[in-house]
């Protein structure tokens, strides 16, 4: 979608979308660079959409980065106590299923 302007509604949707830049980009048919520009509020439309979302009390979701994910102590506890499969939990936390298994078995984040 080169040189195509996103609508106000699309800008809002990107700002609240959860996932990596690549995942979000594929959902909206834009490049990952476009997603980053919007998430970093570097376009006028993104700024307007962010202000509106803030005024409505809606949080802007940060981008999930791969390979550098840091878990909070609450995340670790939630992963260890989760009922879902490793794959399901991994998708929810933006990490790999093997990382979930390592956390659950105490091989990571001890």
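The values are calculated or read from the model by the stated rules, or taken from the named source; none is laboratory data. A quick note: this is a predicted structure, and the numbers were derived from the prediction, not measured. Ideal geometry is used to build each Cβ from the backbone, glycine not excepted, and the neighbour counts take in all protein chains shown.
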Across segment 61-90, which residue is surrounded by the most Cβ atoms within 10 Å (Cβ to Cβ) among those that are under 16 Å from the mean Cα position of the chain (by Cα) and modelled with pLDDT of 90 or more?
89
Examine segment 53-60 for a residue that is at positive phi, loosely packed, with under 14 Cβ neighbours inside 10 Å and part of a loop (DSSP other than H, G, I, E, B), and state whether such a residue exists.
yes
Are any of the residues in segment 29-50 surrounded by 18 or more Cβ atoms within 10 Å (Cβ to Cβ), over 16 Å from the mean Cα position of the chain (by Cα), outside any loop (DSSP other than H, G, I, E, B) and in contact (Cβ under 8 Å) with a residue 40 or more places away in the chain?
yes
For residue 91: the one exception among (1) closer than 30 Å to residue 5 by Cβ; (2) free of Cβ contacts under 8 Å to residues at least 24 places away in the same chain:
(1)
